[in-house]
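Enquirer: My structure is below; once you've seen it, I'll send some questions.
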Amino acid sequence: MTFLRNPLTAAAVLACALGLPFAVHAEGCKLEISGNDQMQYDKKELAAPATCKEITVTLHHTGKLAKEAMGHNWVLVNTPDLAAVANAGMAAGLASNYVAAGDKRVLAATKVVGGGESTSVTFSTAALKKGGSYSYLCTFPGHNALMHGTFKFE
Ligand SMILES: [Cu+2]
């Protein structure tokens with residue numbers, strides 16, 4: 001491997017292997033949020049840097065109740081669409097994770113989980129605007145009034 005004799009190249013190869021500046025980093029692109037049996041998320045706001053090409057959101061249900069009684073999901077929308085997405089989701093039912101099939105207003109969504117379960121969704125940020133402010137909600141019937149928050153992409 002002749003090229004490794006060049007000290008600069010060798011340094012670059014090493015830096016890549018260590019995930020230093022030569023590598024593309026996903027710092028801050030993995031987010032976590034929890035929901036409980038009191039119909040609450042533990043966070044009112046989530047934020048990811050606009051450098052993220054993809055974002056992964058992991059939802060933990062820290063309660064004990066079954067998903068039929070106190071299921072939670074995490075759904076990302078443009079804020080003006082929040083109520084309409086919640087209504088469409090309610091009509092779609094648990095089998096559809098309370099998200100209407102093909103609902104273009106839904107920017108990202110996890111499935112519905114019950115107590116003790118976790119789930120995650122990874123989505124492209126191509127549809128998000130730098131500096132944009134969005135909303136997330138739980139679309140389980142009746143939950144969005146309490147279970148919603150602001151999502152910032154900046
Ligand atoms: Cu919920």
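Enquirer: Would you mind checking the pairs LYS44/LYS67; LYS43/LYS152; LYS130/LYS152 and listing those with alpha carbons more than 20 angstrom apart?
Expert: LYS44/LYS67
Enquirer: Looking at the range 68-119, which trypsin sites (Lys or Arg not before Pro) are in a loop (DSSP not H, G, I, E or B) and have at most 10 other Cβ atoms within 10 Å?
Expert: Here the trypsin sites (Lys or Arg not before Pro) that fit, given the DSSP loop and packing criteria, are LYS104.
Enquirer: Still on this structure: Once you have the Cα-Cα distance between SER118 and ALA69, take 0.36 nm times their residue separation minus that, and quote the gain in nm to one decimal.
Expert: 16.0 nm
Enquirer: Using a 1.4 Å probe over the heavy atoms of the protein chains, calculate the carbon and sulfur portion of the accessible area of the range 30-154 as a whole percent.
Expert: 53 percent
Enquirer: Moving on to the next point. Taking the convex hull of the Cα atoms, report for the range 44-154 its projected area averaged over all directions, in nm².
Expert: 6.2 nm²
Enquirer: Hey, if we sort THR58, THR51, THR79 by accessible area with the 1.4 Å probe, largest down, what's the order?
Expert: THR51, THR79, THR58
Enquirer: Separate question: Does the range 75-133 classify as rounded, prolate or oblate by the C-alpha gyration tensor (a ≥ b ≥ c root eigenvalues; a/c under 1.5 gives rounded; else a/b over b/c gives prolate, otherwise oblate)?
Expert: Taking the square roots of the gyration eigenvalues as a ≥ b ≥ c, the range 75-133 is oblate.
Enquirer: Got a sec to turn the phi values of the range 133-147 into Karplus ³J(HN,Hα) couplings, 6.51 cos²θ - 1.76 cosθ + 1.60 with θ = phi - 60°, whole Hz, x for Gly and Pro?
Expert: 10, 10, 10, 10, 8, 9, 9, 4, x, x, 7, 5, 4, 9, 9
Enquirer: Order THR56, THR139 by their accessible area, 1.4 angstrom probe, all chains in place, largest first.
Expert: THR56, THR139
Enquirer: Quickly work out the LYS104-to-LYS43 label distance, labels modelled 7 Å from Cα along the C-beta direction, and quote it in nm with one decimal.
Expert: A separation of 3.0 nm, rounded to one decimal place.
Enquirer: Please compute the modelled spin-label separation between ALA127 and LEU94, points set 7 Å along Cα→Cβ, answer in nm with one decimal.
Expert: Result: 2.7 nm between the two label points.
Enquirer: Calculate, for THR51 and LEU146, the FRET efficiency according to 1/(1 + (r/R0)^6) with r their C-beta to C-beta distance and R0 41 Å; round to the nearest 0.05.
Expert: It comes out at approximately 0.80.
The values are calculated or read from the model by the stated rules, or taken from the named source; none is laboratory data. Since the model is a prediction, treat every value here as computed from it, not as a measurement. Here Cβ is always computed from backbone atoms with ideal geometry, including for glycine, and neighbour counts include all displayed protein chains. Quick note on the areas: whole protein, heavy atoms, side chains included, nothing else; ligands and nucleic acids left out. Shrake-Rupley method; radii C 1.70, N 1.55, O 1.52, S 1.80 Å.
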